[in-house]
Every structure is written in C-alpha cells, then in structure tokens.
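The values are calculated or read from the model by the stated rules, or taken from the named source; none is laboratory data. None of the values given here were measured: they were computed from a predicted structure. Methodologically, a virtual Cβ is constructed for each residue, glycine included, from the backbone with ideal geometry; neighbour enumeration extends over all protein chains shown. Calculation scope for accessible area: heavy atoms of the full protein, side chains included, ligands and nucleic acids excluded. Shrake-Rupley method; radii C 1.70, N 1.55, O 1.52, S 1.80 Å.
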Amino acid sequence: MARPLRTLLPWALVAVLGAASLAWLGLLGFALTDYDVEAAPSFAALVHGDVAGFLQLAPAYGGSLMMRAPFALAAHGLGGGELAVFRAVGVPCLLAGSALGVSLAASLLARGAGRGTVAIVVGLCAANPITLKALEIGHPEELLGAALSAGAVLVALRGRANWAGVLLGLAVANKAWALLAVGPVLLALPAQRRRAFVIAVAIAVAFALPLLLAGPPGGQPGVHAAGTGVIFQPWQVWWFFGSPGDAIRGADGIVKAGYRSPPGWVTPIGHPLIVAVALPLSLLAWRRRSDPLLLLVLLFVLRCVLDPWNTDYYALPAILALVAWEAIRTARPPVLALSLTMATWATWTWLVPAASADVESLVYLGWSLPLAGLLAWRLYAPALPAMPALSRGGRASVWSTTQ
C-alpha cells in the first residue's frame, strides 16, 4: 500500500502546482466579473454574520456558495478582506479538479500508462486553460461541478452506491446542470441505484431548502433565477433563428456588433429542453447497456450546443468527463479531451475577437455538432462492443449485460 502512495505523491504535487498556477493567473481580482455581481454580496453578508442575508443574496447556484462558505469564513477569520474571500472560495474548486486528476492517474499507473499520458490527464484536470477562463469570469464552481459529476460516475462504476449518491447530490447542489449526471450515475451502478438516488436527492434538498425558505430580500430584484432574456450567444444551435439588426447591448452597455435578438420561444424552452433531451438519451443508453461516462460526455456537449447562454467555460464539464472516459478505457493519451480543450480555447481566444458573430456560430457548430454526432454514434451503435467498467480494485472488467 505504501508503494502506490509513494508513486502517486509526485503526481499529486504536479496537480497541486497546476492548480496553484491557475489560481495565480485567474484569481487576481473579481471587479467586473460575474462573481462581483452574483456571489460577492452574498459572501460579504456571511462574513459579517448576516446568515439570512447570505441566503437571500445568493444567486441561482446558492448551494455552491453554501458548500464553500467555510473557506470564506476562514479567510475572513484570518484577517483577509473581500479579495482574500474571493480567492479562498476558489480553492475547493481547484482542489476538486486536482483530486480527479490524481484519481485518474492512479488508474493509469495501475495499467502501465506512460508518464506523458499521466501528465496530460493530470494537467487537463488540474490546470486546464478552460478552467482559467472560468476563474477569470468569476465561476470557479463550474470546475467543482465538473469534477463532482465525473467523480460520481467513476465511483458508481466501482459499485460504491453511497459515495455515488453523495457526489451526485453535491454536484446538483453546486449547480443545476449536474442533473444531467443522474442518468449516467444510475446506469453505472450495478446495484443499489435507489439508495444512491435517495442520498443524492436528500443532499440536494438539504442545500436547496434554506435558500428557498430565505427567499429574496424585500425590495431587491430576484437573483435566485433569471430568464434567458437578452443572453443569446452565437455559440449554440438557436443562433440563426434570432433576429438580426437589433442593437444588442452587453452588461457593460456596449453594443455587440452583429448580435441577434432571441426568438420569443427560446426563452421558455432553452434550459428545460436540455434536461428533457437527457431523459430519452439516458433511457436509450440504459437499454443498450451503453457506457455511462460516454453518456455523461454526450449530455454535457449537448448542454453547450442547446444552451442559449453557452460560453467558453461551459465546455469544462464535458472536457473532464471526456478525460475520465479516455483515462479509464485506455492507457493512451486523451486525444479527444485534448482536442476539445484546444477547439474551445481556439474558438474563444482567436476566433471570437476576429470574426463576426455569424461566423463564430458557424465555426462553433462546425466542430461541436460533429463531435456530438461522433459521441452518439459511439454510444448507441449496436455493432460496437460493450465497454469495460471498473471493478472495486480499479482494474478493468467486462461491463455486465445483466445489470
């Protein structure tokens, strides 16, 4: 037991150093970020002893703030100000990505993977450039939810129903898009699915209930939910249904050249449709005994493609799920996860500043839709062999057709 631990220690150090590098680059400040508007007022109330205000001012992902509240209180207790609190609440998110990377490294090392492969996997989990994008815009919780969702499926594949339920419940409490992981987790479990589901629901409700009971403060606009309204990005399938020619302004008041106004029917269906699509796809995967991790990847990719709010860091859950799938299925470098990371980075870093909104949409759909199609083909094609699952000992075993 000591020898594997010694083998993992260097990779744990690599993961922590990678996460620290991202923190150094991405947690410089929070002015004019989403954190400044959405999370900072809530955390400010918390550290000054106003628990009711903390709950009332929490955004739609208030459960994530509750999970990270001890880090905010610790930073304040040590004499730190608002900036220290901002940096502290990003720490558990970065550690979650690092933990996922080290866990996958252990699986790869057990199967004799090369150091280069292990380094890429750990790097994609702990120091992904898309994570940097999330940090810069003020959403470190996206990494936390991504790691929890992938981790829930991984422990489910090992038959650990209790842990699968805990991680799934925390993921849903962190952000609602983790509901997409429910089907993959239940599909991955060989038994005790009801137990895992009940645990997940109990945890999610335990975080949601205080927020619902607190309600928004009197006289303040509701911040617990928001409609898709003016948020209509080029990087999704609904873009060309929008109306061109209208003056669309961003949060900074500047007109977004070439942007379209959303059709009225997108607002009510945008987000519910993502969950609605996940249900039949999960049931079909269940019928075909498909790979749970690959199902998770597909659902997260479709979340990006179908979401009118889609932006660069939305790809992070799909990337981490894809890293996990490649890491436990082969001992080769995670080419697909690396490609998705590079495509996302290139689209938003190089294309978006230089191209028109319509061109951005065409290019994004030009690589994201084929990716979704490839994943769906690999997941549902009847002629393909069943994928191996993980045994409790971490070794590959044949995916049971009697589950």
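May I ask you to give the percent of accessible area on the chain that is carbon plus sulfur, with a probe radius of 1.4 Å?
That fraction is 69 percent.
Compute the accessible area per residue over the chain, keeping the other protein chains in place, probe 1.4 Å, unit Å².
Ligands and nucleic acids excluded, the result is 44 Å² per residue.
Kirkwood hydrodynamic radius, computed over distinct alpha-carbon pairs, for region 1-119: how many Å, to one decimal?
Taking every pair of different Cα atoms in region 1-119, averaging 1/r and inverting gives 16.0 Å.
Using the basic label-point model (7 angstrom from Cα toward the beta carbon), what is the Met342 to Ala354 distance in nanometres?
1.6 nm
How far, in nm, would the chain grow between Trp286 and Asp246 when pulled straight, counting 0.36 nm per residue and subtracting the alpha carbon separation? Could you put the intermediate results ahead of the total?
On the way: separation 40, 0.36 × 40 = 14.40 nm, distance 4.48 nm.
Result: 9.9 nm gained on full extension.
Please report, to two decimal places, log10 I(q)/I(0) for region 287-342 at q = 0.22 Å⁻¹ as given by the Debye formula with identical point scatterers on the Cα atoms and no solvent.
-0.82
Ranked from the most accessible area to the least, with a 1.4 Å probe and all protein chains present, what is the order of Phe54, Phe240?
Phe240, Phe54
Within 10 Å of each candidate Cβ there may be at most 12 other Cβ atoms; applying that plus a DSSP loop requirement, which chymotrypsin sites (Phe, Trp or Tyr not before Pro) in region 262-303 survive?
Sites meeting the loop and neighbour criteria: Trp265.
Which trypsin sites (Lys or Arg not before Pro) from region 1-89 combine a DSSP loop assignment with at most 12 other Cβ atoms within 10 Å?
Hits after loop and neighbour filter: nothing returned.
Between Arg6 and Ala52, what is the FRET efficiency for a Förster distance of 51 Å, r being their Cβ-Cβ separation, to the nearest 0.05?
Working from the Cβ atoms, E equals 0.55.
Return the long-range amide H neighbours of Ser261 (sequence gap of 5 or more, or a different chain), with a cut-off of under 5 Å between placed amide H atoms.
Amide H neighbours of Ser261: Ser243, Asp246.
Which value at 222 nm does the chain reach when only helices count, each DSSP H run of 4 or more adding -39,500 (n - 2.57), with the total divided by all residues and rounded to the nearest 500 deg cm²/dmol?
-20500 deg cm²/dmol
Of all the Cα-Cα pairs you can form in the chain, what percent are over 33 Å apart?
31 percent
Cα atoms only, region 60-156: Rg and Dmax in Å?
15.1, 47
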